[in-house]
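What follows is a set of notes on a single structure, which appears directly below.
The values are calculated or read from the model by the stated rules, or taken from the named source; none is laboratory data. Note that the coordinates shown come from a computational prediction; the quantities given were computed from them, not determined experimentally. Don't worry about glycine lacking a Cβ; one is built from the backbone with ideal geometry, like all the others, and counts go over all protein chains shown. Side chains included, ligands, DNA and RNA excluded: accessible areas come from the protein's heavy atoms. Shrake-Rupley method; radii C 1.70, N 1.55, O 1.52, S 1.80 Å.
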Amino acid sequence: MAVEVSNNHKQQKATERTPRILVFACKWCGLIGADGAGRKREPLPPNFRVIPVECVGSVEPDAVIRAFADGMDGVIVMGCHLGGCRFNDANHAAFKRLELLRALLEGVGIGRDRLLVTFGTAHEGHQFTDVLRNFTNLIAKKESLDTSWTSSRARMI
Amino acid sequence: MDCRFVRTTCPFCGTGCGMLLKVVDGRVVDTLPDRESVVGRGHLCIKGWSAHEFVHHPDRLTHPLVKKGDSFERISWEEAISLAAEKFRGIAEQYGNDAIGGFSSAKCTNEENYLFQKLIRAGFQNNNVDHCARL
Amino acid sequence: MKTQQAMIDQAKSLLKKLLEDGEATAVFGLARGMGGVTAPRIFTMPDELDSLVLEPKWPLAKPAMEILRTAPGGYRLAVVCRGCDERALVELIKRNQVDADALVMVGVACSGEQASICLCDRPYPSKLDIGEAAHGVDPFDDPGVKYLLEGDTHTRMGRWERVLKRCVKCYGCRNSCPICVCDPCKLEGEPWVRRGIIPTEILSFHLIRAFHLADTCVACGACQEACPAGIPLVTLQHAMRRALREGFEYEAGLDVNEKTPVLFDFIQAPEKDRPIPDWINTLRD
Amino acid sequence: MKNITVFLCTCFDEINRVVDYERLCSHLSDDPRVAAVTVSRGLCVSGGAGEIGASVKSGDGRVLIAACSPLARGDQVMRDLERAGVPAFRRHLVDLREGCAWIHGNNPAAATEKALDLLNMGLTALEYKEPSADVTLKIADEVLVIGAGPAGMAAATALARCGVDVRVLERGAQPGGMLGLVSRSYPDNTDPSEKIAAFRDLAASDPRITFHSKVKIISARGYAGNFTVRFTAEGEELQAHAGAVIIATGGRVFPPKGYYRYGEVREVVSQIELEARFRKGPVKKENAVFIQCVGARCEERPYCSTICCPASIKNAMRIMDENENARVWILHRDIMMPGTTLEAYYKKAMERGVRFIRYAESDPPRILGDEAVETVEVRDDITGDRRTIPADLVVLSTPLIAGTDAEAIGDLFGIQRDSYGFFREIYPLHPVETRIDGVYICGSARWPVSSEQAMVQGEAAAMKAAALVGRQTIRASEFSRVPGAKFGHARVNEDTCSGCGNCAAVCSFDAIRLQRRSGEGEFRMVSRVIKVRCKACGNCLSVCPNGSMQMPEMNTKALYGMVGKAFS
């Protein structure tokens, strides 16, 4: 462990690549925020995909891990404000779980900031745009995740 | 309930990691690595960890089968051995001794492997014998 | 500090009494058998306990749980528990895997030396019957842990990558973990972990495994000890254990009645002094 | 399997102005899952949903619709499909307008790539979606009212008037609850025993009301439409089968122990003790002092109990009625008399000469006197003067706190309580409903209220219950509060469930119960989903360690499939 192997092959410049961002948006707030951004025709970077979910409670932490394993550079989970969940406390439950996942991501060096858990209400469409733009900028400064973590030595047998 | 841990050696390859089989009322139900084993030092690979699974597995081969048509039929050991001997003899007579070879297994014991090469060398009179763990 | 022999004598007399009084049907512990080799053993007769030993460390929680699962009704098993065994069994009781009434835990203290090998901050059970509690070790003082958990993420990602790449997908970590009880396990197939890929997909395999134990891991180190590739798997859990301790003052395995904060106590509004990110301020921390 | 029909809506060239539809079409027709691709100019206006529905109704056909966002017209198209007989698991909507064309108008190439990915994700989701059967329930036609205080009495009376059978369970020997403890109700100043007597007469004469006294509840189980509650009434064990349950167990008065030398000196009494004195006979006092907010609006109980100010004003004027020379002071931190009636009542008290002195929380009044109270020392917070008031009676006005059996009742019926022990409504906009459908709360069990408000709430809860039990059957999916929110319910694979209880612990609706596995006497548990209670939020499947819990319409395979196809 004493010898530090260079990771230079992974350091690409931010301009050379667009990060891949996956958004889990709850149907009642996050998705409506995305809709609001769309209605205003706010130009957004096309590097994100939205998966609508009934409630952020149904976003398995394992699905977030799977997303990173499938080559996402960042994941956003968007739910309703605490206290404003249609499903009682489900968003708070999700928040607690995902905070723990953030601690794990930080531990293994992926960095807790690659997973963004955020809460808003339906009318905050302009904030959806802000969050996406800022998050894209933040992730673009980091090295890509989809190098040797997932694919380099792995092969089918 | 009679539950005991039986020390043994992993049969899957030539490394010979030590392991403990948990035996409950005469049935092997679980495998644990032997932490006192000088070879494995408490480690096993996936094959060792799953060693207990095949012992009582319903698909395990426990008696000779012969293929008739599309299906296998159970036959006795005498029938099986004489059938094999007859077929080997036929091949040797038709194509010569070198047409027969043997491939042994790391799961067998040293003694079994000795006997196997003896069978090929002395019985079939050639050197066509090898082993899966010869890397 | 008691001598090793004194501890063994004390354990023997205590356990013999349990068997003689009918408090326990059997005792589960370590025995020195033929050739001086130590292995776990189920003692059913008081005389058999003469071969009982307490060292080396051998995680007994998982086999104990499995014995109790198949045991007939009325069977009571006394288990010689180290601190980590006790905490693991407490977690198993919380998750309905072990009948608390069928379990008698006999607590044994670990030596300080053992604690420093395990990087254990609590090398003693809450109910200590044999030996004296040694001082714990803060795992975050260990240079190996610091190497992997402290510093900038980019460097550490490279370090973790090299460590985790050694994985041979033996499932030893899962098999030896006292808390892993699911059958089938998510690590065995689609869509969580791709089948037939060797070595495994590092991220999905190790992070899913680690996260499943997020609030239950008692840091017993069984996974790490079983790993033939020498991956410091407990270090992966330390990050989450620290988050739980700092965020919720919770530690797994200490109290049967204390529920994990991840599943309970949801609040309607952000708590005082614990800001919850909003859409506006999420990116500012 | 070629069973997915794709409909691409151009939204009158809004979408295909940016997204290259020809590429999408050629790509989609090469996909082995796609049976046909149709491009339409406006799915929402052509009324095509009916035709789409008819075309895929038979067999295992599934529909993928690429159009605008659900909020625009997408959900309308989906609802039309539902009406045309295409259930949720056989349809999927992809938002290509707001979610793609309109936000990536400056980058058509990338927008087309994204549209392809989104369609691919939709196809994958459709491939794995499974149906979850709806459940139709029979509704028991009786309503159970627990507690016969003002809220419970009002609820029972209202239900009986609606022609609904109602069974009232009262812990005490008589109905009335806290109303039986007060001498007069405010502001109408009538004797509450009249109301109690009226209810007693009604319960005796109306065949729709069954009244049980001295009740202890043993167990409660079931769900909306079918609750089974076992209880003992006067020692006899009985069972009720109810369609809805109204919980009106009320609160209780906080005893002012340890405050203002209560219990140490004579004539320092609590408000409820004063009420008892009034019921015995006239209370003739010269100088009465009321102290407000005793044990309320403090750190442990930061809430305002709302009933103590009107109660003190009512009793202050009563003392003046009994002795016209009496002088009465009310020492308060704020006088809370909301609404026109109460405000008028407050004014009336001031006109009659009740003196109001404001004290500060940091400098509370002091009770002086050796055996009985002699004077009260108070610092007027407005003028700053320190005053000594002669007193031959001090009344401590304490708040209501949660009832003694609130915890037990909450656990029995699975309703949540707030941090002070009162029952919690599901959502502020649904004030008498709880997280368990068919269980309603009213009166001081959910928050301290006056008897008048308790009765209003009781009637509100009664109407909610009547709306439920007024029907013969109901479909489980109708229990959603948000139209279209519920698309199914969680399903547990009992063969693989390890019984760890994570799902039951995290469920926000108490919809999952652990049961002992049958057979072999093993100590093993298994989860069971109460389908009617489940709201399909998916919290349970996120904590299930091995995927035994699934949401059929958005199961793990569909979700993971979508993740995998996000950038394909």
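Less than 5 angstrom separates the built amide H of D:Ile401 from those of D:Arg252, D:Val253, D:Phe254, all sequence-distant by 5 or more or on a different chain.
For D:Lys2, the accessible area of its heavy atoms, probed at 1.4 Å with every protein chain present, is near 130 square angstrom. For C:Lys12, the lysines whose Cα comes closer than 26 Å to its Cα, not counting residues fewer than 8 places off in the same chain, are B:Lys22, C:Lys2, C:Lys57, C:Lys62, C:Lys127.
Across chain D, Cα pairs under 8 Å and at least six residues apart give a relative contact order of 15 percent.
Per the accessible-area calculation with a 1.4 Å probe, the total area buried between chain C and chain A rounds to 5400 Å². Protein heavy-atom accessible surface, 1.4 Å probe, per residue over segment A:58-123: 15 Å².
Positive-end ranking of D:Val376, C:Ser13, C:Ala229 along the dipole of the protein assembly as shown, with charges on Cβ about the Cα centre, is headed by C:Ala229.
By the helix-only formula, in which each DSSP H run with n ≥ 4 contributes -39500 (n - 2.57) and the sum is divided by residues, chain D has a 222 nm mean residue ellipticity of -8500 deg cm²/dmol.
For segment B:11-135, rounded, prolate or oblate, judged on the Cα gyration tensor with a ≥ b ≥ c (square roots of eigenvalues), a/c < 1.5 rounded, else prolate if a/b > b/c? Walk me through the numbers on the way to the answer.
Details: a/c = 3.15, a/b = 1.58, b/c = 1.99.
Because a/c hits 1.5 or more and a/b fails to exceed b/c, segment B:11-135 counts as oblate.
Overall form of segment D:255-398: rounded. Here a/c, set by the Cα gyration tensor axes a ≥ b ≥ c, is under 1.5. Think of chain D as having a plus end and a minus end, set by charges on the Cβ of Lys, Arg, Asp and Glu; of D:Gly561, D:Leu412, D:Asn106, D:Gly561 sits farthest toward the positive end of this dipole.
For chain D, with all protein chains in place and a probe radius of 1.4 Å, 48% of the accessible heavy-atom surface sits on carbon or sulfur. Under a Gaussian network description of chain C, with springs only between Cα atoms under 10 Å, the residue in C:Glu246, C:Glu132, C:Glu113 that fluctuates furthest is C:Glu246. Decide, for segment C:116-214, between rounded, prolate and oblate: order the square roots of the alpha carbon gyration tensor eigenvalues as a ≥ b ≥ c, take rounded if a/c falls under 1.5, and otherwise choose prolate if a/b is larger than b/c, else oblate. Taking the square roots of the gyration eigenvalues as a ≥ b ≥ c, segment C:116-214 is oblate. The residues A:Val64, B:Val23, sorted by heavy-atom accessible surface at 1.4 Å with ligands and nucleic acids left out, run B:Val23, A:Val64 from largest to smallest. Only lysines eight or more places from B:Lys87 in sequence, or on another chain, were considered; those with a Cα closer than 25 Å are B:Lys67, B:Lys68, B:Lys118. Measuring with a 1.4 angstrom probe and ignoring ligands and nucleic acids, D:Val268 comes out at about 10 Å² accessible. The charge dipole of segment C:177-269, taken about its Cα centre with unit charges on the Cβ atoms of Lys, Arg (+1), Asp and Glu (-1) only, comes to about 300 debye. Counting only Cβ charges, +1 for Lys and Arg and -1 for Asp and Glu, the dipole size of segment D:491-550 around its Cα centre is about 260 debye. Stretching the chain fully between D:Leu238 and D:Phe12 yields a gain of 74.7 nm (0.36 nm per residue, less the alpha carbon separation).
When segment A:73-138 is described by a simple charge dipole with +1 on each Lys and Arg Cβ and -1 on each Asp and Glu Cβ, the residue from A:His92, A:Ile110, A:Phe135 located farthest towards its positive end is A:His92. The alpha-carbon of D:Lys314 sits under 19 angstrom from the alpha-carbons of these lysines, leaving out residues fewer than 8 places away in its chain: D:Lys195, D:Lys280, D:Lys284, D:Lys285, D:Lys347, D:Lys348.
Taking the Cα centre of segment B:22-135 as reference, the dipole from Cβ charges on Lys and Arg (+1) and Asp and Glu (-1) amounts to some 240 debye. Expressed as an acute angle from 0 to 90° and rounded to the nearest 10, what is the orientation of the C-alpha long axis of helix D:271-280 relative to the principal long axis of chain D? Its long axis makes an angle of about 60 degrees. Holding the Cα-Cα limit at 29 Å, pick out from C:Lys186/D:Lys138; D:Lys216/D:Lys535; D:Lys138/D:Lys464; C:Lys94/D:Lys535 the pairs that are longer than that. In this structure, C:Lys186/D:Lys138; D:Lys216/D:Lys535 exceed 29 Å between Cα atoms. Largest accessible area first, the residues D:His489, C:His154 order themselves as C:His154, D:His489 under a 1.4 Å probe with ligands, DNA and RNA left out. Rolled with a 1.4 Å probe across the full set of protein chains, the surface gives C:Arg69 an accessible area near 50 Å². Of the DSSP H helices in chain C, not one has a Cα length along its own long axis of 30 Å or more together with a mean Kyte-Doolittle hydropathy reaching 1.6.
Of the residues making up segment D:546-567, those losing 10 Å² or more of accessible area when the isolated chain is joined by the remaining protein chains, with a 1.4 Å probe, are D:Asn546, D:Gly547, D:Met554, D:Thr556, D:Lys557, D:Leu559, D:Tyr560, D:Met562, D:Val563, D:Gly564, D:Ala566, D:Phe567. Taking all protein chains together and a 1.4 Å probe, the residues B:Ile46, D:Ile103, D:Ile382 rank D:Ile382, B:Ile46, D:Ile103 from largest to smallest accessible area.
Each helix, a run of at least 4 DSSP H residues, gives -39500 (n - 2.57); summed and divided by the residues of chain C, these come to -9500 deg cm²/dmol at 222 nm. A simple rule links phi to the HN-Hα coupling: the Karplus curve 6.51 cos²θ - 1.76 cosθ + 1.60 with θ = phi - 60°, which for segment D:401-406 gives 10, 4, x, 5, 9, 4 Hz, with x for Gly and Pro. Near D:Ala490, the amide H atoms lying under 5 Å from its own belong to D:Ala536; only residues 5 or more places off or on other chains count, and H is placed 1.01 Å from N.
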